[in-house]
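For reference, the structure discussed in these notes is given below.
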Amino acid sequence: MDNYIYEIEINKITDGDTISLKKISLGFGIWAFTSRGRTKTGKLRRYSIRIAGINTPETRRGWWSKGLSEEKIKEEITNGKKAKAFLIDLVSRAKKTYIRSHQAGADNFGRLLGDVILVMEDEQQIDVGTIMLKEKLAKIYKK
């Protein structure tokens, strides 16, 4: 499959490897809002991007913590919060944000899969996955 590049606007950073979208550019100045509908409580469910090729520690307790010691769980969550904070800071300094698609459709959690590319004020382009690995805030994701 060919990779496609889309400019995006971010709604929020979910964790170190997942970004919630506000809208995505379709080109020609046309933007699509990325709501997947509403939850039972009326809250908008937005599409998310899973940053391809990386995995960051989790930011909250969940299925992954079953069988782990409290110490390991706290360590995972602390490291997850560091990765998330780093990504929030990085994205906040970007002039524009893009996704390069990796597959058609979404993963098991409804997330789009792609590389997130930031264009900084000095026009430098940063691949988020690469910088997260370089800063040792993420590990290479193995399926």
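The values are calculated or read from the model by the stated rules, or taken from the named source; none is laboratory data. Treat the numbers as computed from the prediction; the structure is a model and nothing was measured. FYI the Cβ positions are ideal-geometry reconstructions off the backbone, even for glycines, and counts take in every protein chain you see. These accessible areas exclude ligands, DNA and RNA; they are computed on the full protein's heavy atoms, side chains included. Shrake-Rupley method; radii C 1.70, N 1.55, O 1.52, S 1.80 Å.
Residue 140 label point, 7 Å along Cα→Cβ, cut-off 19 Å on backbone N: hits in the range 6-41?
Within reach of a label on residue 140: 17.
Suppose only helical runs count, i.e. DSSP H with n ≥ 4. What mean residue ellipticity at 222 nm does that imply for the chain under -39500 (n - 2.57) per run, divided by all residues and rounded to the nearest 500 deg cm²/dmol? Please list the in-between numbers first.
On the way: 2 runs with 30 residues, N = 143.
The helix contribution divided over the chain gives -7000 deg cm²/dmol.
What is the sum of charges around residue 24, taking Lys and Arg as +1, Asp and Glu as -1, for the other residues whose C-beta is under 10 Å from the C-beta of residue 24?
Working: positive: 22, 23; negative: 7, 9.
Combined, the nearby Lys, Arg, Asp and Glu give 0.
In nm, give the distance between the simple-model label positions of residue 100 and residue 9, each being 7 Å from the Cα along the Cα-to-Cβ direction.
Modelled inter-label distance: 2.5 nm.
Mind ranking 140, 13 by accessible surface for me, highest first, 1.4 Å probe?
Ranking 140, 13 by accessible area, largest first, yields 140, 13.
Positive end of the dipole of the chain, charges at C-beta (+1 Lys, Arg; -1 Asp, Glu), about the Cα centre: which of 85, 53, 108 has its Cα farthest in that direction?
108
Taking the Cα centroid of the range 1-48 and of the range 120-143, what is the distance between the two, rounded to the nearest whole Å?
The range 1-48 and the range 120-143 have Cα centres separated by 20 Å.
For the range 1-139, what's the relative contact order in percent, using C-alpha pairs closer than 8 Å and at least 6 residues apart?
Relative contact order of the range 1-139: 26 percent.
Only four residue types carry charge here, +1 at the Cβ of Lys and Arg and -1 at the Cβ of Asp and Glu. Report the dipole size of the chain about the Cα centre in Debye, rounded to the nearest 20.
On the way: 28 positive and 18 negative charges, 163 e Å.
Computed charge dipole of the chain: roughly 780 debye.
Summing +1 for each Lys or Arg and -1 for each Asp or Glu, what net charge is found among the other residues whose Cβ lies under 13 Å from the Cβ of residue 77?
In short, +1.
Enter the angle in degrees (range 0 to 90, nearest 10) between the Cα long axis of helix 70-92 and the first principal axis of the Cα atoms of the chain, meaning the one along which they spread out most.
Its long axis makes an angle of about 20 degrees.
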